[in-house]
Amino acid sequence: MTKRDETGRLALRLEGAAFTPYDLYGKPVPGIAWQPINFDRNTMVGSFLVRLEPGSKPLPHIHTGGEDSYILAGELVDGDGRAFGPGDIVSYGAGSRHASQSPKGCTILVFLHGPNRAIEGGQAD
């Protein structure tokens with residue numbers, strides 16, 4: 001895990017960032033890694049980078065507190081087929097549900113406002 005310096009600052013460079021398996025659902029999700037920036041696991045609130053390998057699929061989930069995502073590189077495709085690329089901002093409100101995939105891979109800056117809950121059976125609206 002990346003540490004803050006003596007001033008409390010954390011400076012990351014996307015290239016070379018120390019991504020680790022994404023495990024916010026209790027176990028790692030294949031093909032997905034993350035780098036927390038300012039994130040509290042107790043409240044599930046904060047910011048982090050997430051990297052999806054080509055062909056990876058995050059678990060279908062419900063946003064209990066909402067989520068804002070800024071696509072830095074690659075492409076994220078939502079369950080309805082809408083594709084988002086570099087420079088796009090996607091905001092999911094509290095209570096929204098979806099399933100995404102990244103056929104080509106992508107890197108996203110995420111601001112999570114509460115826990116995501118995996119959808120039983122893997123079906124999103």
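Just one of (1) under 12 Å from the mean Cα position of the chain (by Cα); (2) surrounded by fewer than 18 Cβ atoms within 10 Å (Cβ to Cβ); (3) among the acidic types (Asp, Glu) trips up Glu15, so point out which.
(1) is the only condition that Glu15 fails.
Any residue in segment 72-101 that is more than 19 Å from Trp34 (Cα to Cα) sitting within a Cβ distance under 6 Å of a residue that is among the charged types (D, E, K, R) and part of a loop (DSSP other than H, G, I, E, B)? List the pairs, counting only those 6 or more apart or interchain.
Ala83/Glu75; Arg97/Asp125
Tell me, which residue of segment 18-39 that is surrounded by 13 or more Cβ atoms within 10 Å (Cβ to Cβ) and among the small types (Gly, Ala, Ser) is nearest to the chain's Cα centre (by Cα)?
Ranking the candidates gives Ala33 first.
Looking at Gly46, Gly55, Gly26 in this structure, which one is on the phi > 0 side of the Ramachandran plot and at pLDDT below 95?
After applying the criteria, what remains is Gly26.
Does any residue of segment 109-123 turn out to be over 14 Å from the mean Cα position of the chain (by Cα), at pLDDT 95 or above and surrounded by fewer than 18 Cβ atoms within 10 Å (Cβ to Cβ)?
no
Consider Asp88 against the criteria (1) in contact with a Leu (Cβ under 9 Å, 6 or more places away or on another chain); (2) among the acidic types (Asp, Glu); (3) buried (at least 16 other Cβ atoms within 10 Å of the Cβ): it satisfies all of them except one. Which criterion is unmet?
Checking Asp88 against (1) in contact with a Leu (Cβ under 9 Å, 6 or more places away or on another chain); (2) among the acidic types (Asp, Glu); (3) buried (at least 16 other Cβ atoms within 10 Å of the Cβ), the one that fails is (3).
Counting only residues that are under 22 Å from Leu76 (Cα atoms) and either modelled with pLDDT of 85 or more or of a type in the set (Val, Ile, Thr) (or both), how many does segment 1-17 have?
Of the residues in segment 1-17, 0 are under 22 Å from Leu76 (Cα atoms) and either modelled with pLDDT of 85 or more or of a type in the set (Val, Ile, Thr) (or both).
Does Arg51 qualify as being of a type outside the set (Phe, Trp, Tyr) and more than 13 Å from the chain's Cα centre (by Cα)?
Judged against the criteria, Arg51 is not a match.
Under 21 Å from Leu12 (Cβ atoms) and acidic (Asp, Glu): does that describe Asp80?
Criteria not met by Asp80.
The values are calculated or read from the model by the stated rules, or taken from the named source; none is laboratory data. Just so it is clear, the model here is predicted, and its values are computed rather than measured. So basically every Cβ, Gly included, is an ideal-geometry build from the backbone, and we count neighbours across all protein chains shown.
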